[in-house]
Amino acid sequence: MRLNASAPPRRTTPSLLVATLAAVLLLVGGLLVLAPDRAAAADPLLSRGKPATSSSVEDTGFEPARAFDGDPATRWASAEGSDPQWLRVDLGTTASVSRVRLNWEVAYAKAYRVEISADGTIWTALATETAGNGGTDDWTGLSGKGRHVRVYGTARGTPYGYSLYEVEVYGTPDGTTPPTTPPPTTPPTTGAFTVVAAGDIAAQCTASSSSCAHPKTAAQAQRINPAFYLTMGDNQYDDARLSDYRNYYDKTWGAFKAKTRPVPGNHETYDPAGPLAGYKSYFGAIAYPQGKPYYSYDHGNWHFVALDSNSFDDPAQIQWLKDDLARTTKGCVAAYFHHPLYSSGGHGNDPVSEPVWRILYAAKADLVLNGHDHHYERFAPQDPDGRATPDGIVEIVGGMGGAEPYPIETVQPNSQKRISGPYGVLKLDFTDTTYTWQYVGTDGQVKDTGPTYSCH
């Protein structure tokens, strides 16, 4: 337990002590008469039920909000086996924070910081622990002012992750609500934003090998610093085991896992532990925010649909897609999944995606992103039957995230640009009504720039 140390008592003479006590008693009595409820006042609890986000989530049921719900039986848990991890809360207004109380589960932090921020971007340490032993840490006598409070774990005390039953932030709100940079899971509702995307990413190699590409694509992706990242499947080769995710993907693209919105590819189904087992264990609720390997979310005026093309024959996913598109009120729609309907690479066109294209086309979707073939390719707007049309869907294949490149074999109709060889990432720029993109190589050079399209 962490508590402030009190100052040592002063030595005093008996007569002075009597006089001092009398004066104190008189003063306290007067305060009780004048303001009885202020005599024992304490700073209020500010964090209960407030919006919370985290760097990762172990699985469904361990979301960050669980640490701020006042229920001692629920908890937040991060992904296992990875440092650093963080948990943050938005107090909703600027406050002077005086106390933070942490109730750790078995998976505690050996080293961590309690931090505060005015805007969710620049953080200042309120307290630092370097020899934690779990249990309850009660940091009192703190002095910091801000809207956001974060627990930032730098060293785990166990082989697991980080887990907190409850985080309580106490202080005095000042009533103002300054502008704030939204956390990754609460994107801005209007305006321009950038997304980085890639598929077919982590081969079983590390930066110690000069031929290993995924550390280089990760570095370029991080330099762009987008609002969030997309992966279009085959995130980890060859069998997408959890151990391989931890040994390879996590060392590169895992640096921004909390800002990543992934989908699985066919290699995620090869896991000996079961189809998508390692994928689900590694990404947790990030990949299953709605309890399924397919999900949707909004950013600005865009509706993003993340799909599992390994199970396009699942009626439940198809019905969910139809219902999801019918519900959205956003003006622009983008979908992403692993298997492309059209491709000039070695895998070629994949008819498994045709029924989904027909649903997307009927809903006036604008953009589809795919991987699977290890090259970059962009297509003119076309319909599900491959006919060029202004109201068609633009498809981009972006399978150059790190896996060995595939050659271009049979150029498909409506294919406008193809690049095989130079590794890179897609830098997609969105506004409320338009989108465009660049294919950026690991050397930082723009290899291709797409047209600017207006949303349907």
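Numbers for the structure displayed
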item	result
Positive dipole terminus of the chain, leading residue within Ala335, His372, Ala95 (C-beta point charges)	Ala95
Alpha-carbon spread of the stretch 187-249, three principal axes, descending order, Å	40, 23, 16
Rounded to whole Å, sorted largest first: equivalent-ellipsoid semi-axes of the stretch 325-394, Cα gyration tensor	21, 12, 11
For the stretch 334-407 versus the stretch 84-99, the gap between their alpha-carbon centres in whole angstrom	42
Descending semi-axes in whole angstrom, ellipsoid equivalent of the stretch 245-293, from the Cα gyration tensor	16, 15, 8
Rounded to 5, the percent of DSSP beta bridges in the chain classed as antiparallel	75
Over the stretch 197-323, volume per residue of the alpha carbon convex hull, in Å³	98
Viscosity 1.567 mPa s, 4 °C: Kirkwood-radius Stokes-Einstein D of the stretch 335-456 over Cα pairs, µm²/s	90
Equivalent ellipsoid semi-axes, the chain, via Cα gyration tensor eigenvalues times 5, rooted, Å	51, 23, 19
Accessible-area composition of the chain, carbon plus sulfur, in percent [1.4 Å probe]	54
Computed [θ] at 222 nm, deg cm²/dmol, the chain (DSSP H ≥ 4; -39,500 (n - 2.57); rounded to nearest 500)	-4500 deg cm²/dmol
Values of log10 I(q)/I(0), in the order q = 0.13, 0.22 Å⁻¹, for the stretch 95-178 under a Debye, Cα-only, solvent-free model	-0.40, -1.01
Accessible surface, per residue, of the chain when the full set of protein chains is kept, probe 1.4 Å, Å²	43
Helix runs (DSSP H) in the chain reaching 20 Å along axis by Cα, Kyte-Doolittle at least 1.6	14-34
Antiparallel bridge percentage (DSSP; both residues within the stretch 330-450; nearest 5)	75
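The values are calculated or read from the model by the stated rules, or taken from the named source; none is laboratory data. Keep in mind that what you see is a predicted model, and the values were worked out from it rather than measured. Glycine also receives a Cβ, built like all others from the backbone with ideal geometry; neighbour counts cover every protein chain displayed. Only protein heavy atoms, including side chains, enter the accessible area calculation; ligands, DNA and RNA are left aside. Shrake-Rupley method; radii C 1.70, N 1.55, O 1.52, S 1.80 Å.
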